[in-house]
1. Would you rank L85, L385 by solvent-accessible area, highest first, keeping every protein chain in place and using a 1.4 Å probe?
2. Could you pull out which residues in region 402-424 have an amide N less than 19 Å from a spot 7 Å beyond the Cα of K435, following the Cα-Cβ vector?
3. At a Förster distance of 35 Å, what's the computed FRET efficiency of R443 paired with R37, Cβ-Cβ distance as r, to 0.05?
4. Normalised by the number of residues in region 84-141, what is the relative contact order in percent for Cα pairs under 8 Å and 6+ residues apart?
5. Once you order the gyration tensor axes a ≥ b ≥ c over the Cα atoms, which shape class does region 11-65 get: rounded for a/c under 1.5, otherwise prolate or oblate by comparing a/b with b/c?
6. Please compute the length gained on full extension between R121 and N310, using 0.36 nm multiplied by the number of residues separating them and subtracting their Cα-Cα distance.
7. Please identify every one of the trypsin sites (Lys or Arg not before Pro) in region 189-283 that sits in a loop by DSSP and has no more than 11 other beta carbons within 10 Å of its own beta carbon.
8. Per the helix-only calculation at 222 nm, which mean residue ellipticity applies to the chain, given -39500 (n - 2.57) for every DSSP H run of n ≥ 4 and division by its residues, nearest 500 deg cm²/dmol?
Amino acid sequence: MFKKILIANRGEIAVRVIRACRELGIRSVAVYSDADRASLHVIKADEAYYLGSTLATESYLNISRILEVAKRAGADAIHPGYGFLSENAKFARACAEAGIKFIGPSGDAMEMMGSKTGARRAMEKAGIPFVPGSLRGLTSVEEAERVARAIGYPVMLKAAAGGGGKGMRLVHGPAELPSALAGAKSEAARAFGDDEVYIEKAIVRPRHIEMQILADERGHVVYLGERECSIQRRHQKVLEEAPSAIVDEEMRCRMGDVAVRVARAANYTNAGTVEFLVDGDKNFYFLEMNTRLQVEHPVTELVTGLDLVNLQIRIGCGGELPFQQEDISIRGHAIECRICAEDPDNHFFPSPGKITMLLPPAGPGIRYDSGSYEGWTVPIDYDPLLAKLIGYGSDREQATLRLQRALGEYFVGGIKTNIPLFQRILRDSDFQAGKLDTGYLERLLGKERRRDSGDCGGAVCRARVAGRVDGRCDKRRDGRGPEYGERTCCAGLFQLEAGSASGWPAVRNSEA
Ligand code: MV4
């Protein structure tokens with residue numbers, strides 16, 4: 001087993017890896033930038049080393065500096081977390097060259113999945129169902145028109161080096177194709193330094209469902225069930241759950257088998273995620289593979305009872321998967337909310353600043369993975385994720401009720417958070433009915449805006465009197481709103497929206 005692991009990341013995921021290390025008796029090494037001197041991962045790790053300035057390229061993306069620190073600290077492995085260097089093939093190879101184990105897949109597997117067209121060619125060879133379209137970059141408008149006509153409109157133009165929606169264009173008919181292709185190419189060139197663009201048939205109102213896999217370095221590959229990730233905004237996931245309301249055991253088995261074949265085709269090792277688009281008839285198509293531990297891994301941990309980071313570490317040091325596919329079963333339901341320091345009343349702009357008061361949620365069926373603490377100042381320099389709040393229950397309804405209860409007792413003062421957004425989603429009838437697709441959240445927010453512009457239905461008016469209910473919610477002396485931030489509902493208290501027509505209905509918990 002490793003003796004010491006350097007965590008090349010920050011925030012809640014660094015804390016998550018530190019916890020796994022501690023349970024395994026492995027020393028943890030945090031790294032930090034100027035902006036993170038007082039961050040939670042630095043406090044919680046056994047050791048912490050300064051990397052460089054706040055700029056990520058000088059710190060969390062600085063390969064030579066991270067390896068220098070790893071050697072100085074005597075770390076025998078590096079866990080990359082998610083984001084930053086986690087899917088960087090060069091970094092994985094540089095670790096290997098430095099004699100430090102990179103806890104993740106090989107650089108080759110990452111590279112294969114990094115090119116979307118390369119991945120599609122590999123999937124074609126392996127007989128994996130993927131969205132119909134081209135296997136190579138488009139070389140002319142004429143070629144694009146030919147392929148589009150063959151697969152049928154609407155079509156999607158995508159950057160081969162992309163993922164996450166950049167350089168993507170939806171094209172409804174041949175008239176739009178030339179300018180869409182030019183636009184996609186120039187956006188791809190700017191964003192990725194690579195203008196390769198390919199074409200796919202557009203799946204209308206798809207669901208985004210992904211399958212977790214684990215592969216050891218001895219050829220064993222298993223799937224750990226799916227996550228429903230359709231609730232997202234601008235290609236950022238907001239809420240994820242496991243299992244998906246539309247996946248039954250038979251479909252899970254087929255999807256899982258495909259995911260395992262994808263992993264095998266890539267010679268994949270460690271934890272990975274195979275993304276699928278699912279159409280209205282429940283046909284699923286390979287989209288891409290994420291070669292890292294994902295933000296939403298806790299929902300899979302809760303419904304499988306497994307510790308994915310513990311398993312990543314054991315696989316990383318050559319261990320054998322301690323179970324087989326037949327040993328894995330999905331039990332209960334888990335839902336994760338990504339709690340972010342952002343203002344839902346102001347276009348979800350980041351809301352950095354000092355957390356003046358923090359009442360974290362807890363209690364039955366609640367998991368709270370946080371990188372923040374009371375008194376800490378949230379920097380504007382990085383991802384705004386403050387914490388992940390995960391509700392678990394024997395079924396989807398119980399998980400939802402527990403999350404609603406936990407959100408009600410969760411209070412973050414001093415900054416704005418998106419907590420009210422989750423209250424809104426969890427009491428939405430389409431959410432409760434499991435009627436989701438990738439357009440769900442935009443539709444919900446559209447409904448909110450329309451309501452906001454007209455009759456408030458009494459909800460906002462009720463919020464305006466709420467300041468009287470609790471002293472801590474009183475206006476500040478300078479009259480600029482509540483001293484500690486917005487209340488989202490503590491038992492018996494009105495939801496306070498700082499006297500503004502915020503768009504988030506303020507209701508009592510009992511009415512939710
Ligand atoms: C699609 C699609 C429909 N048809 N591809 C967006 C991000 C990128 N990773 C893939 N994306 C999509 N690809 C075809 N052929 C719809 C999306 C899409 C989407 C996918 C997953 C999660 C959220 C999304 C939001 C809008 C569009």
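1. Values: L85 5, L385 35 Å².
So the residues, ranked largest to smallest area, are L385, L85.
2. What the label zone holds, given the 19 Å backbone N cut-off, is 424.
3. Numbers: r = 42 Å, r/R0 = 1.20.
Calculated value: 0.25.
4. Numbers: 34 pairs, mean separation 13.9, N = 58.
Reported as a whole number, the value is 24 percent.
5. Numbers: a/c = 2.32, a/b = 1.87, b/c = 1.24.
Note, shape of region 11-65 comes out prolate.
6. Details: separation 189, 0.36 × 189 = 68.04 nm, distance 3.30 nm.
Full extension from R121 to N310 adds 64.7 nm.
7. Here the sparse-neighbourhood loop sites are R218, R234.
8. Values: 16 runs with 165 residues, N = 512.
Mean residue ellipticity at 222 nm (helix-derived): -9500 deg cm²/dmol.
The values are calculated or read from the model by the stated rules, or taken from the named source; none is laboratory data. Note that the structure is predicted; figures quoted are calculated from it, not measured. Heads up, the Cβs are rebuilt from the backbone with ideal geometry, glycines too, and the neighbour counts pull from every protein chain shown. When the accessible area is computed, the model is the full protein with side chains, heavy atoms only, and any ligands, DNA or RNA have been set aside. Shrake-Rupley method; radii C 1.70, N 1.55, O 1.52, S 1.80 Å.
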